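S.K.: Input: one structure, supplied below.
The values are calculated or read from the model by the stated rules, or taken from the named source; none is laboratory data. Note that the structure is a prediction, hence the values are computed from the model and not measured. Cβ placement follows ideal geometry from the backbone for every residue including glycine, while neighbour counts extend to all protein chains displayed. We work out accessible area using only protein heavy atoms, side chains counted, and drop any ligands, DNA or RNA first. Shrake-Rupley method; radii C 1.70, N 1.55, O 1.52, S 1.80 Å.
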Amino acid sequence: MNIIDENIQRYAEQHTSPESDLLKKINRDTHAKVSMPRMLSGHLQGRVLSMISAMIRPQRILEIGTYTGYSALCLAEGLATGGKLVTIDINEELETKVRSSFNDAGIADQIDFRVGDAISIIPTLNDTFDLIFIDADKENYSRYFDLVIDKVREGGIILADNVLWSGKVIQDKPDKDTRAIIEFNRKIQADQRVENVLLPIRDGILMIRKVSL
Ligand SMILES: C[S@@+](CC[C@H](N)C(=O)[O-])C[C@H]1O[C@@H](n2cnc3c(N)ncnc32)[C@H](O)[C@@H]1O
């Protein structure tokens with residue numbers, strides 16, 4: 001199921017600031033050469049991530065699920081001076097390509113790219129984050145939230161992607177990934193430490209603000 005009507009999506013993109021040439025190239029290359037290009041955030045969502053980051057001006061960003069680096073570069077656009085983005089991905093096959101894109105962006109020194117399982121890497125991070133983007137394997141979304149919530153400052157924002165899962169969250173007989181997303185959405189809705197709003201952008205972004213420690 002397309003969440004947004006195709007024509008509305010096109011109109012929204014036409015009235016959204018364009019991607020940089022580098023982001024366009026990553027988008028094109030990912031679609032031409034990498035499997036599952038649908039995972040890439042893309043133009044509209046990328047600009048949303050960049051805009052949210054620019055509003056927060058974070059010192060520290062954590063991204064779980066780098067893929068080809070598109071969303072990391074969008075989020076990094078909002079970093080404060082001297083800020084840093086940590087991004088984690090388990091897929092070592094994409095490492096060279098991703099590092100090369102971070103170099104091309106001229107901000108490799110602001111990006112700490114970790115290759116490995118986020119479940120084991122997150123507990124080793126000692127930073128306090130202003131902004132976190134959860135966009136890795138769906139079955140671990142609830143675990144990722146539990147691992148990061150104490151590492152977010154009060155007032156900090158967690159964004160979780162694909163929370164509408166192509167509309168499957170409201171269909172009968174959910175599969176394993178859908179059940180995990182449904183459980184995650186339910187868990188956040190019930191958590192007194194956060195306020196949340198589900199934005200029906202692309203595949204759904206749950207925007208979560210930590211209101212108490
Ligand atoms: C949807 S893609 C990320 C897309 C990217 N954020 C973007 O918008 O361009 C999900 C990524 O999560 C990674 N991933 C899956 N399980 C993981 C894990 N346990 N730890 C770290 N990364 C994982 C996959 O290798 C994949 O590249």
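S.K.: How large is the charge dipole for the range 1-114, taken about the Cα centre, if only the Cβ atoms of Lys, Arg (+1) and Asp, Glu (-1) carry charge, to the nearest 20 debye?
M.R.: Numbers: 13 positive and 15 negative charges, 26 e Å.
That gives the range 1-114 a dipole magnitude of about 120 debye.
S.K.: Would you mind telling me the antiparallel percentage of the DSSP bridges in the chain, rounded to 5?
M.R.: 35
S.K.: Additional query: In whole angstrom, note down how far apart the Cα centers of the range 132-175 and the range 2-16 are.
M.R.: The two parts, judged by their Cα centres, are 24 Å apart.
S.K.: Under the 0.36 nm per residue contour assumption, what length would be gained going from the current alpha-carbon distance of ASP150 and ALA190 to full extension?
M.R.: Working it through step by step, the gained length comes to 12.7 nm.
S.K.: Further question on the same structure: Let me spell out the model: positive unit charges on the Cβ of Lys and Arg, negative unit charges on the Cβ of Asp and Glu, origin at the Cα centre of the chain. What dipole size does that give, in debye rounded to 20?
M.R.: Computed charge dipole of the chain: roughly 280 debye.
S.K.: Moving on to the next point. Measure off, as a whole percent, the carbon and sulfur share of the 1.4 Å-probe accessible area of the range 19-83, all protein chains present.
M.R.: 58
S.K.: Taking a 29 Å limit on the Cα-Cα distance, which of the listed pairs LYS33/LYS173; LYS24/LYS84; LYS97/LYS138 fall beyond it?
M.R.: Listed pairs above 29 Å: LYS33/LYS173.
S.K.: Now a separate question. Taking 0.36 nm per intervening residue step and subtracting the Cα-Cα distance, what contour gain separates ILE4 from ASN126 on full extension? Walk me through the numbers on the way to the answer.
M.R.: On the way: separation 122, 0.36 × 122 = 43.92 nm, distance 3.87 nm.
Result: 40.0 nm gained on full extension.
S.K.: Within the set of other residues whose C-beta is less than 12 Å from the C-beta of SER120, count the net charge using Lys and Arg as +1 and Asp and Glu as -1.
M.R.: Cβ neighbours under 12 Å give a net charge of +1.
S.K.: Among the aspartates and glutamates, which fall within straight-line cross-link reach of LYS25, defined as a Cα-Cα distance under 16 Å, with same-chain neighbours fewer than 8 residues apart omitted?
M.R.: ASP104
S.K.: Of the accessible area of the range 158-213, with the probe set at 1.4 angstrom, what percent is carbon plus sulfur? Don't skip to the answer; put the middle values down first.
M.R.: Details: 1630 of 3010 Å².
Summing carbon and sulfur atoms, their accessible area is 54 percent of the total for the range 158-213.
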